[in-house]
1. Out of Ala275, Ala261, I need the residue that is under 22 Å from the mean Cα position of the chain (by Cα), in a strand (DSSP E or B) and of a type in the set (Gly, Ala, Ser). Which one?
2. Please work out which residue is nearest to Asn175 (Cα to Cα), limiting yourself to the range 186-204 and to residues that are of a type outside the set (Asp, Glu) and in contact with a helix residue (DSSP H, G or I) (Cβ under 7 Å, 6 or more places away or on another chain).
3. Among helices (runs of 4 or more DSSP H) lying entirely in the range 363-473, which contain 3 or more residues that are within 23 Å of the chain's Cα centre (by Cα)?
4. Which condition from (1) in contact (Cβ under 8 Å) with a residue 60 or more places away in the chain; (2) among the acidic types (Asp, Glu); (3) buried (at least 18 other Cβ atoms within 10 Å of the Cβ) is the one that Glu50 breaks?
5. Write out, first by first residue and then by second, each pair whose Cβ atoms fall under 6 Å of each other, whose residues are 6+ apart or on separate chains, and whose first residue, in the range 447-469, is farther than 15 Å from Lys501 by Cα while the second is assigned to a loop (DSSP other than H, G, I, E, B) and among the polar types (S, T, N, Q).
6. Of the numbered conditions (1) surrounded by fewer than 23 Cβ atoms within 10 Å (Cβ to Cβ); (2) more than 25 Å from Asp355 (Cβ to Cβ), Gly315 fails exactly one; give the number of that condition.
7. How about the range 389-399: which of its residues are crowded, with 24+ Cβ neighbours inside 10 Å and of a type outside the set (Gly, Ala, Ser)?
8. Do the conditions hold for Asp122, that is, is it modelled with pLDDT of 90 or more, surrounded by fewer than 17 Cβ atoms within 10 Å (Cβ to Cβ), closer than 30 Å to Gly246 by Cβ and among the acidic types (Asp, Glu)?
Amino acid sequence: MAKNRKSASAFLAPFVAAIALAVAGPVAAADFLFVNGKIYTPDGWRTTMEVKDGHIARIGGDAEAKQWQAGAGQVVDLSGKTILPGLYDMHVHPVLQAKGEEGRCRVPQDADAAKLLALVADCVKAAKPGEWVTGGQWQASLMQGTPITAETLDRISPANPLMLFDVSGHSVWANSQALKIAGITDSTANPEGGIIERDAKGKPTGILRETAGRLVTAKIPPQTKEQTAANLRHHLDMLSGFGVVGYIEAMAYRDDLEVYATLADQGILKQRVQACIAFSEAGRANAAFDETLAARGQYTRATFNANCVKVFADGVPTESHTAAMLHPYHAGQPNAPATGLLLFDPAQMAKLVTDWDKQGVTVMFHAAGDRSVREGLDAIEAARKANGMRGPIHQIGHSTFIDAADMPRFKKLKTAAEFSPYLWDPQPINDDITSAVGSPRIDRVWPIKEAFAADALVIAGSDWAVVPSPNPWIGIETAVTRRNPGGSERSFGLGEAITLKQAIEMFSINAAKRMGIEAQAGSLTAGKWADFLVLDNSPFDMPVTQIHTIQPVETWIAGAKVFARADAPAAAK
């Protein structure tokens, strides 16, 4: 990762502190009149907004401010502050992180081999004898000169089982104790959709790709649902601090749905959340999928539903070579097929998507390679031919590479193109991708500009905790600059940079369209929910390289303040 990109803890600390100091609980929904502001609407900038019963009653200018004050409830003088619609993260993993499945031994993504091993050694020393030590994230391009093998980890953890995720979350690095507990030996066959990397003699090296990683992670003792709920509540507060009013929980199991429903019943879940039930996890079947999907209605609440299925179409186009590509990878990988891994049978998937679409269930594909994107679109096309176009908007997630011939199909098939803007700036994982796919394919990496030009529904997802922070302002800035936050000499996919207006749209109204709530959310329009942000500065009035520094003063959902920054001056009169 680039030097000016901070660790997760550095990014989140100011917001965690602000939440702890400023938010004891949301203010109850009431009637408000906001005046003297800069309000971003589809019809241009306005200065006055009236909120009643959790909705935007009307929007106007200075003249209306005077007319409406007589019947107003609480008058809020914005003193020139900006109001923007609330933002959405359309691919994020708060409950996965809350369950501790990314591990507790966290290492900055820019750590070289020496730093990573030193930090992990400290985690091992702090663990009880024989206790699992789990975490990450390691980056192959930063491990030069240090073998990524079980023996390397054995030197710092000879007695404790140790497992580390890579930066993508699709590869696992395990020590000998962890391999032993998982039952992985020289004779263990690759699981379907996975790779156990081996040396020249056929011995497992300690690197496990895709479904093979589950051989180890399945042995890690789970935590209680009560602890998961407590951790998830913290993540909800953190997301509110960034201005996130809704999101897609990108991989959920039945126990996760129970946690979300409980938090909704307790009045804690304020964001509008859709969870996508895991059909598979990196190609590994979810044994409880059918019964979980059938029971999804039990967990539906005003702010939550699980009317979505998550399907892994492939892996990632890094040095693992597990993303499914139409053409061979540029560099050799002796343990992976030349064009990567497609993790489903296309004919079977076409039938499944047709059935889910008929039920009104959204399908969200993890698809990083151009072949997996095409196969996902093919399955959706089969559903549209069978069921017509009335089904939900489906979603192709990540879309790191899209063949130009497939770009028009997103609009034709009513399918959202989801991109990962937090990876659009130069950093080590992108160096791995560049080495893996080579030129000229790398010039069209994350082809978001082309997607907008094709009139596709373009949305954005952080994929946190794969990235250090789910801060949408980082994604908005780097989508426009394709450089590191704050600017940098290097760029990544610069030809696919977009405008600021487009970046705001994909985080707001486009996201609401994908969730099927554009009539109620996604823009500041009379009649919609009062979901909005109060900002000290407008992103349109500052250098684009400073947008990542934006910290919302307040976040409102349905006319209730759910976040207020501790150092922000009071504005209400």
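1. Ala275 is the lone residue from the list that is under 22 Å from the mean Cα position of the chain (by Cα), in a strand (DSSP E or B) and of a type in the set (Gly, Ala, Ser).
2. The first filter runs over the range 186-204 and keeps only residues of a type outside the set (Asp, Glu), leaving 187-191, 193-196, 198, 200-204.
Subset that is in contact with a helix residue (DSSP H, G or I) (Cβ under 7 Å, 6 or more places away or on another chain): 190-191, 193-196, 204.
Numbers: Asn190: 18, Pro191: 19, Gly193: 22, Gly194: 18, Ile195: 16, Ile196: 13, Pro204: 11 Å.
Residue satisfying both the conditions and the ranking: Pro204.
3. 370-387, 428-437, 448-453
4. Condition not satisfied by Glu50: (1).
5. Listed by first residue and then by second, the contacts come to Asp463/Ser420; Pro468/Ser7.
6. Among (1) surrounded by fewer than 23 Cβ atoms within 10 Å (Cβ to Cβ); (2) more than 25 Å from Asp355 (Cβ to Cβ), Gly315 violates only (1).
7. Within the range 389-399, His394, Gln395, Ile396, His398 qualify.
8. Spelling it out, it is not the case that Asp122 is modelled with pLDDT of 90 or more, surrounded by fewer than 17 Cβ atoms within 10 Å (Cβ to Cβ), closer than 30 Å to Gly246 by Cβ and among the acidic types (Asp, Glu).
The values are calculated or read from the model by the stated rules, or taken from the named source; none is laboratory data. These numbers come from a predicted model, not from an experiment. Using ideal geometry, Cβ is built from the backbone for each residue, glycine included, and neighbour counts are taken over all protein chains shown.
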